[in-house]
1. Looking at (1) at pLDDT 95 or above; (2) farther than 18 Å from N115 by Cα, which is the one condition that is false for F63?
2. Give the residues of region 114-129 that are within 17 Å of G38 (Cα to Cα) and in contact (Cβ under 8 Å) with a residue 40 or more places away in the chain, sorted by residue number.
3. Quick one: how many residues across region 114-151 are surrounded by 15 or more Cβ atoms within 10 Å (Cβ to Cβ) and under 19 Å from K91 (Cα atoms)?
4. Go through region 34-75 and give me each residue that's touching a Gly at 6+ places or on another chain (Cβ under 9 Å), in contact (Cβ under 8 Å) with a residue 40 or more places away in the chain and either among the small types (G, A, S) or farther than 22 Å from K88 by Cα (or both).
5. Residues of region 68-114 being in a loop (DSSP other than H, G, I, E, B) and charged (D, E, K, R), which ones?
6. Looking only at residues that are in contact (Cβ under 8 Å) with a residue 24 or more places away in the chain and charged (D, E, K, R) in region 93-113, which one is surrounded by the fewest Cβ atoms within 10 Å (Cβ to Cβ)?
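The values are calculated or read from the model by the stated rules, or taken from the named source; none is laboratory data. This one's a predicted model, so the numbers in the text were calculated from it and none came from an experiment. When we count neighbours, we look across all protein chains shown, and the Cβ atoms used for this are built from the backbone with ideal geometry, even at glycine.
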Amino acid sequence: KIGDYINSKGRKVLVTLGVDRWGLSKSFVDAGYETLFGDLMFGLDIPVAVKTLSQLKTVAALFMPIAGRLPFEWIYPTGEKQEKRTPKFGKYYAWATVIAGDCHYIKRFMPDDLNGKVIVTNTTTPEDVEQFKKAGVKYLVTTTPVLEGRS
């Protein structure tokens, strides 16, 4: 059912951080999805999409030695920053049929309108699910089981 829906809308995926979710990234590419990787956007706030796995490897080789030395909270939203949302990169969210990656990164810059989108993510809370519903997400696919109210 989800596959038919995606095929009817176009096999286009925005992966928030491809380096962080290498298996997920490679799986989408191997399945024939047109893929954009948001590593520079979501990780470093540089508004440039990465378009291929080879480009992603190059970006990783160039930026990981630097990014790996930065304080963790500069790269990943922690504490109250996890709840702060600043819509950005809207054209990339709009382009994609599927938005995949870490839930905090997806929510951090997501627009108010995700009507008809498919979200593929890891851990979600009931509040996350409600936020995605409010934004109009068609399908939410999580890669983790529900444990103590979190999936």
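1. Condition (1) is where F63 drops out.
2. Matches in region 114-129: V118, V120.
3. Counting residues in region 114-151 that are surrounded by 15 or more Cβ atoms within 10 Å (Cβ to Cβ) and under 19 Å from K91 (Cα atoms) gives 9.
4. Within region 34-75, G38, A49, A60 meet the criteria.
5. Answer for region 68-114, where residues must be in a loop (DSSP other than H, G, I, E, B) and charged (D, E, K, R): R69, E83, K84, R85, K88, D102, D112, D113.
6. Going residue by residue through region 93-113, those that are in contact (Cβ under 8 Å) with a residue 24 or more places away in the chain are 93, 95-112.
Checking which are charged (D, E, K, R) leaves us with 102, 107-108, 112.
Values: D102: 19, K107: 22, R108: 21, D112: 11.
Among those that are in contact (Cβ under 8 Å) with a residue 24 or more places away in the chain and charged (D, E, K, R), it is D112.
Matching residues to (1) closer than 21 Å to L24 by Cα; (2) in contact with a strand residue (DSSP E or B) (Cβ under 6 Å, 6 or more places away or on another chain); (3) not aliphatic (A, V, I, L, M); (4) not in a helix (DSSP H, G or I):
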residue	(1), (2), (3), (4)
V120	yes, yes, no, yes
D128	yes, no, yes, no
Q131	no, no, yes, no
V141	yes, yes, no, yes
P145	yes, no, yes, yes
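Residue-by-condition table, conditions (1) surrounded by 14 or more Cβ atoms within 10 Å (Cβ to Cβ); (2) not in a loop (DSSP other than H, G, I, E, B):
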{"site": "L17", "(1), (2)": "yes, no"}
{"site": "D20", "(1), (2)": "yes, no"}
{"site": "S25", "(1), (2)": "yes, yes"}
{"site": "V29", "(1), (2)": "yes, yes"}
{"site": "T35", "(1), (2)": "yes, yes"}
{"site": "M41", "(1), (2)": "yes, yes"}
{"site": "T58", "(1), (2)": "no, yes"}
